[in-house]
Amino acid sequence: MTDPDPARLVNPPKQSRSRRTLERIVGAALDILEAEGPDALTVQAIVERSGSSVGSFYARFSGKADLLEYLGDRVWREAAARWEEALAAQEWDGLALKELVGGAVTLLGEVGRSRTSYLKALDRAPGTRADAYTAFQAHVLRGIETLLLSRVEEIDHPAPNVAVPLGLKAALAVLDVSDLEDPQAIPFEERVAEAQRLLLSYLAGVSPAGAESEGQVDFFDIWG
C-alpha cells in the first residue's frame, strides 16, 4: 500500500458516538459492495442502511471516492493484521512437517472464503487500486512460504526454494473457491484435504494415503 495511514482519509471522530457512526457507515458500505456491487454504492444507500444521515456522511468523507479509498486501505490493513495474528498464534515449532502443512493449507483455504470478498468487491469499484485482493493473497503466500522454508531440513526436494512457492501456488489452485455456489462443486473440506496431500507429497515425498493430518491444528478465527 502506498499510504502509511488510512486514517488520513477520514475526519477523525472525537467522541465514542461519532466513532460508532463511522463504523456503521463503513459496515453499511462494505455490505452494499459485497451484496450489490459498486454501482449500488451511493451516499443515499449508505446512510439508509447505516441509519445515519447525509450530513453525518459528509462530516467524515468528502464523497464516495474518498470513502472507497479509505475502505481499500483499511480493509487491506485489517486483513493483513489478522493474518499476522493467526500465524503468530500457533506454536508451529512443535508440529511435524505433516501437521505444519495441514495447518498452513487450512489457513490458506479459510483466507480464500473469508472477508476477503470485501477486497474483491473494492477491486471492482471505479477509482480504486484494483489489485488489493491479489496483493493480500501474495502477502499470505509469502508468510506461509517463510514458515515452510524454516523447516527446509525436513523437505525432501532437491530445490526447496523453488518447490515451496510452486507447491503453494498449486495448492491454492486446488483451493479455489470461486464456484462455491455451484451445486456440482467439490466441497471445501475435500479441497483442503486434497491440497494438503498435494503439497506434502510434493515437498516431502509422502504418498497421498499418508498425507492426512493426525489431528486438527486449532486456530482462532482470523477474521474475529
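Summarising the label geometry, the points placed 7 Å from Cα in the beta-carbon direction at residue 53 and residue 135 lie 3.6 nm from one another.
Expressed in whole Å with the largest first, what are the equivalent ellipsoid semi-axes of region 49-161 derived from the C-alpha gyration tensor as the square root of 5 times each eigenvalue?
Output for region 49-161: semi-axes of 38, 14, 10 Å.
Going from the residue with the fewest nearby Cβ atoms within 10 Å to the one with the most, 189, 91, 85 rank 91, 189, 85.
Modelled this way, with points 7 Å down the Cα-to-C-beta line, the labels at residue 43 and residue 166 are 5.4 nm from one another.
7 Å from Cα along Cα→Cβ at both residue 17 and residue 66: what's the point-to-point distance in nm? Distance between label points: 2.2 nm. Restricted to Cα atoms, region 12-61 shows a radius of gyration and a Dmax of 10.5, 32 angstrom. What net charge is computed for the residues neighbouring residue 36, neighbours being all others with C-beta under 12 Å from the C-beta of residue 36, Lys and Arg scored +1, Asp and Glu -1? Net charge around residue 36: -1.
Computing FRET efficiency as 1/(1 + (r/R0)^6) for residue 186 and residue 80, where r is the C-beta to C-beta distance and R0 is 30 Å, gives about 0.55.
Within the set of other residues whose C-beta is less than 11 Å from the C-beta of residue 174, count the net charge using Lys and Arg as +1 and Asp and Glu as -1.
Computed value for this residue: 0.
Charge tally for residue 163 (other residues, Cβ to Cβ under 15 Å; Lys, Arg +1; Asp, Glu -1): -2.
Rule-based calculations on the coordinates, nothing more; no lab input. These figures come from a predicted structure and were not determined experimentally. We place every Cβ from the backbone using ideal geometry, glycine too, and count neighbours over all the protein chains shown.
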